[in-house]
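Novice: Below: one structure in structure tokens.
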Amino acid sequence: MESDLRSIGELARASGLTVSALRFYDAAGVLVPAWVDPVTGYRRYADDQVASARLVAGLRRVGMPVAEIARAVRAEPAVVHELLDTQLRRLADGLADARREVSRIRSLLPADRSAAVTRLTVTAADLAAAVDAVRFAVGTDPALPALTGVLFDVSAAGLRLVATDRHRLAMATADAVVHGPAVRALLPLDAVDRLRALLHTATTTAEAVGVATAEATVAVDGVEDGGLGDVRLVLTGSRLLAEVAGREWYAVALPDEFPDYQALLPSHRAGSTHRIPVDAEWLVAALRAGTPTVVRQYAGRPLPVTVLGLGRPDRLRLLGADDLTTDGAAARADRVPAELRVGVNGEYLLDALDAAGGGHLTLELDSPLAPLAIRRPDDRVFSILMPIRL
């Protein structure tokens, strides 16, 4: 028997665990040897324990508690995924707590009078449109605080607003006159909603006066006066001050780090991308009329999935269950090839179409495993929906 088994040193080299760690997990009942020599006490492991040892090594690196590692080694893959999700939330909470503590410590330090200040001027109508275009994608999971706000990303090119809840991402740009260095601020949703209410006041006031370039009565921190419909923003450190229609709005940025949203955007260099023009009103009407869906299981529950496909000649098609089968209706000459389909949450798609403002849009489809992109012709509003496996 011994010749058919691995020594503890061999398992250590194959798994990435140290010999002492393997002894620890044996004593803890996590990874018990297949056989122990009754004379020497040497541990021996079976070949099929290598995968378990590698799993233990990975779970150990992400800091999973020993009790949960023990459960994961003996569980089905679905349970392991749940444990990993729990650990990610635990890590996110820990990071958020650490960031808040760092922010608290910074507040105890003397003020850095050399802190950079960025000022920008943007019209209330453009800023309101940008907020409306991204708000639907803001996350609501308290376990992921970095996704519960709207990112204000300021550069020399202007102002970009971004929001995501992991399942979808929305981005909108607004022209702005910028003075100062590039800066990013993640603003809490309740603060953004208060700003949106002020923007409504500003735009309706400007419309009532009938002159969008009327002089404002207040300027913020030395920024030149603009029109009655203009908004002036001042960003200093983690604070943002706005003057809207003679009223001030103040917000403190969330301490959490927003994800690198640039990495989530599909590459424009991908030659396989299919760009499909679509009339938003037609698609919205089809979705609300109960377009055919297929049902898939998600988190143990049935989930209706809206399936989009590129038909001939280069037109968007909405597919039903019959279109996805390998017999019957699937044998039709107009069947959409599998590589030109993508499944998404229909409610999320409706939200994205509504945020884009209707009219003629472009849908970008790469493959069933790539996000679906929705673009407005002027490219100022853009969103992506994560695909659902068909």
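Novice: Any residue in segment 178-192 that's in a strand (DSSP E or B): show its pairings with residues that are open to solvent by 60 Å² or more (accessible area, probe 1.4 Å) and of a type in the set (Asp, Glu) at Cβ separation under 9 Å, as long as the two are six or more apart or on different chains.
Specialist: 186/257
Novice: Starting from segment 53-66, keep only residues that are at positive phi, then list their pairs with residues that are of a type in the set (A, V, I, L, M, F, W, C) and open to solvent by 60 Å² or more (accessible area, probe 1.4 Å) whose Cβ atoms are within a distance under 8 Å, requiring at least 6 positions of separation or different chains.
Specialist: Every condition considered, the pairs that remain are 63/91.
Novice: For the condition open to solvent by 70 Å² or more (accessible area, probe 1.4 Å), modelled with pLDDT of 85 or more and more than 30 Å from residue 188 (Cβ to Cβ), what is the one hit in 285, 289, 280?
Specialist: 289
Novice: Turning to a different aspect of this structure: Need the failing condition index for residue 360 against (1) open to solvent by less than 60 Å² (accessible area, probe 1.4 Å); (2) at pLDDT 90 or above, just the number.
Specialist: For residue 360, the failing item is (1).
Novice: Residue by residue through segment 178-193, note down the ones that are closer than 15 Å to residue 121 by Cα and out of contact with any Asp or Glu (no Cβ under 9 Å at 6 or more places or on another chain).
Specialist: 178, 179, 180, 181
For every residue, the table says whether it meets (1) surrounded by 11 or more Cβ atoms within 10 Å (Cβ to Cβ); (2) of a type in the set (A, V, I, L, M, F, W, C).
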| site | (1), (2) |
| --- | --- |
| 25 | yes, no |
| 36 | yes, yes |
| 39 | no, yes |
| 70 | yes, yes |
| 104 | no, no |
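Novice: Within the set of pairs 6 or more residues apart or between chains, which connect a residue that is over 13 Å from residue 176 (Cβ atoms) inside segment 228-239 to a residue that is part of a strand (DSSP E or B) and among the hydroxyl-bearing types (Ser, Thr, Tyr) with Cβ atoms less than 6 Å apart?
Specialist: From residues that are over 13 Å from residue 176 (Cβ atoms), the pairs are 229/123.
Novice: Could you tell me whether residue 164 is under 21 Å from residue 259 (Cβ atoms) and of a type in the set (Ser, Thr, Tyr)?
Specialist: It is true that residue 164 is under 21 Å from residue 259 (Cβ atoms) and of a type in the set (Ser, Thr, Tyr).
Novice: Scan 119, 99 and give me the residue that is in contact with a His (Cβ under 6 Å, 6 or more places away or on another chain) and within 25 Å of residue 181 (Cα to Cα).
Specialist: Matching residue, one of 119, 99: 119.
Novice: Please verify whether segment 33-46 includes one or more residues that are among the small types (Gly, Ala, Ser) and in contact with a Lys or Arg (Cβ under 7 Å, 6 or more places away or on another chain).
Specialist: Yes, the conditions are met somewhere in segment 33-46.
Novice: Within segment 121-140, can one find any residue that is open to solvent by less than 60 Å² (accessible area, probe 1.4 Å), within 30 Å of residue 374 (Cα to Cα) and part of a loop (DSSP other than H, G, I, E, B)?
Specialist: Yes: one or more hits.
Novice: Give segment 358-390 a look and list any residue that's out of contact with any helix residue (DSSP H, G or I) (no Cβ under 9 Å at 6 or more places or on another chain) and either small (Gly, Ala, Ser) or not in a loop (DSSP other than H, G, I, E, B) (or both), or say none.
Specialist: 362, 364, 370, 373
Novice: Which residue pairs have Cβ atoms under 9 Å apart, sit 6 or more places apart or on different chains, and have a first residue in segment 289-303 that is basic (Lys, Arg) and a second that is not in a strand (DSSP E or B)?
Specialist: 296/388; 296/389; 296/390
Novice: Do you know which of the residues in segment 1-23 that are in contact with a strand residue (DSSP E or B) (Cβ under 8 Å, 6 or more places away or on another chain) and in a loop (DSSP other than H, G, I, E, B) is surrounded by the most Cβ atoms within 10 Å (Cβ to Cβ)?
Specialist: My answer is 5.
The values are calculated or read from the model by the stated rules, or taken from the named source; none is laboratory data. Small disclaimer: the values here were computed from a predicted structure and weren't measured. All Cβ positions, even for glycine, are placed from backbone atoms using ideal geometry, and neighbour counts span all protein chains on display. Ligands, DNA and RNA are stripped out before the accessible areas are found, and what is left, the full protein with its side chains, is counted by its heavy atoms. Shrake-Rupley method; radii C 1.70, N 1.55, O 1.52, S 1.80 Å.
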